[in-house]
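Input: a single structure, listed below in C-alpha cells.
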Amino acid sequence: MKHTRIFIGCMLLVSASAYAQQNSTGLGATTVGGSGIITRIYSNNSVSIGEGASANESGVAIGVGTTTGQSGVAIGRDSSAEDNAVSLGTNNYVEGSNVGVGNNINVTGVANSVALGNGTSATRSNEVAVGGRTIGGLGVATSNDQAANFGQAKAMVSNGVTQAVTTSAAYTDAVATSTLGSANAYTDNITAGIKQEAVTEANAYTDNVGASVLNNANTYTDNTVKGYARKDYVDAAVAGGVKQANAYTDDKFKQASKIAYSAASVGMASSALVFNPNIQRQVAVGAATVHGTSALALGIAWRHGERGMFNVRGALGQNGTSGVAIGYSMGF
C-alpha cells in the first residue's frame, strides 16, 4: 500500500518544522528566538493548523490551541470539538454529535443539537438554540419542500380564516333558524291554547251568573300574563345561546390562527436552508417569524461519492410545531 505524507513549513527566521502521520497534513513554523512546533498532527486522516492544534482520526483542527475528537471539526482559537462534533468560533466547547457556531459557546450533556450565536448554549437534545435572537431574510418558496414566506403564509391564513368564518356563519344561521322555528311553534301552541280557553270561558260566561263571569275573566287574565312571561323566557334562552356560540367561535379562531402562524414560520425557516453541491460537508441554518411566532431550521449535508449528496433538515416552531426531512440527490 502506498502511503502519502505531506509536510508544509514556513521560515520565519531560522528553520521550519512540522510533523504528520500517514494520510495526514501538518503545517508548522519556527518562532523567533528558537525552534518551536506550531502545528503537529497525531492521528491518521486528520488535519491541524495552528500552534498547539491537535486533531484525532479523521478530524480537522484549525487555530491556536484547537482540538478535536474523532471525525470532529474545530475552527477558531481555543475551540474544542469532541467526537463527531462541529465547533466554529473562539473559546468554544462542543461535545459529540452537536454543532456550535459563534464565540464562547458551550454544548454539553446533549445530543444532536445546534447552538448559534455568541454565548449561546444548547440545553436539550435535538434542539436548535439561537440565544433569544431572531432570524430574517427568506425568499419565496417555489416547490413543495420549501417553506413559505410571510406573504404566502398570510394568504394561507387569510384563506383559512375566510373559510372558518363562512362555516361559522352557516352554522350560526342554522342554529338561529332552528331556534326561531322552535320558538314560533311554542308561541303558536300557547296562542292556540289561549284561544280555546277563551271560547270555553265565553260559553261559561253566557251560562253563568255575574260572579262566575268575574271569576272566568280573572282566570283568563292570569293565563294571558303567564303566556307572555314564557315568551320572555324564550327570548332570554335564545340570547344566551347566541352569546355562547359566539364565544366558542372566537376561541376556535384564536387556536387556528396560532397553529397556522407556527406552521408557516416552520415552513419559512426550512425554505431558507441552501446547500452547495460542490462542498463535501456543510451545515445550513434558517429561521423565520410570522405574526410573532418564530421557528428555526437546521440542515446538514454531505456528499456521497462524486455524484450523490445526503441532506437532513429539521425545523422547530412555537406552539409545538415541528418537522424533519431527509433527502438524497444524485447527478447524472
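Values quoted throughout were computed directly from the atomic coordinates according to the rules given, and no laboratory measurement underlies them. Worth saying up front: this structure is predicted, and the values here are computed from it rather than measured. Quick reminder, even Gly has a Cβ in these numbers, built from the backbone with ideal geometry, and neighbours come from all protein chains shown.
Arranged from fewest to most other beta-carbon atoms within 10 Å of their beta carbon, 180, 273 become 180, 273. Label separation (residue 232 vs residue 179): 1.9 nm, computed from points 7 Å beyond Cα along the C-beta direction.
Between residue 156 and residue 186, the FRET efficiency estimated from the beta carbon spacing at R0 = 45 angstrom works out to 0.50.
Shown here for segment 294-332: trypsin sites (Lys or Arg not before Pro) in loop regions (DSSP other than H, G, I, E, B) with at most 15 other Cβ atoms within 10 Å, namely 307. Maximal additional length on extending the residue 64-residue 332 stretch stands at 92.3 nm, based on 0.36 nm per residue less the C-alpha distance.
Backbone N atoms of segment 150-169 closer than 16 Å to the 7 Å Cα→Cβ label point of residue 253 belong to residues 157-169.
What spacing in nm lies between the two simple spin-label points modelled at residue 319 and residue 274, each 7 Å away from Cα in the Cβ direction? Going by the 7 Å Cα→Cβ label model, 2.9 nm.
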